[in-house]
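Data first, discussion second: the structure below is written as structure tokens.
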Amino acid sequence: MRRSSTGFASLTESIDTTTSSGRLVFHMMDALAEFERGLIGERTKAGMGAAKRRGKHVGRPSKLTRQQIQHARELIAPGKESCGAVAELFVVDVRTLRRALAV
């Protein structure tokens, strides 16, 4: 494996990746950072799971209420209004309305 001729030298932490010991320290710091990033992800997932088990909604709040979705269905189903007109009525994007109607 061919090594790059460039290196990193930190004056305050005494790390120089042009030497073997400097590369070792740099890789250890990288491994610790990756480990911490993994822990943060695990804790986030655990927290979201606990919130869901408590019945809390996780994520963005819904733009449309159940009543609005039902009203939209009543307008669109018989062909009274188009999706675009109903989306304007509820001040949402057409994709948001279609996504809500698909559920």
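Return yes or no: is THR44 exposed (fewer than 12 other Cβ atoms within 10 Å of the Cβ), outside any helix (DSSP H, G or I) and of a type in the set (S, T, N, Q)?
Details: exposed (fewer than 12 other Cβ atoms within 10 Å of the Cβ): yes; outside any helix (DSSP H, G or I): no; of a type in the set (S, T, N, Q): yes.
Here the answer is no, as THR44 does not meet what is asked.
Filter segment 43-61 down to the residues that are charged (D, E, K, R) and within 27 Å of VAL92 (Cα to Cα) and list them by number. Spell out how you get there, then give the answer.
Let us first name the residues in segment 43-61 that are charged (D, E, K, R), namely 43, 45, 52-54, 56, 60.
Those that are charged (D, E, K, R) and within 27 Å of VAL92 (Cα to Cα): LYS52, LYS56, ARG60.
So for segment 5-21 (the condition being loosely packed, with under 10 Cβ neighbours inside 10 Å and at pLDDT 90 or above), does at least one residue qualify?
No, the conditions are met nowhere in segment 5-21.
The values are calculated or read from the model by the stated rules, or taken from the named source; none is laboratory data. Keep in mind that what you see is a predicted model, and the values were worked out from it rather than measured. Cβ coordinates were reconstructed from backbone atoms using ideal geometry, including for glycine residues, and neighbour counts include every protein chain displayed.
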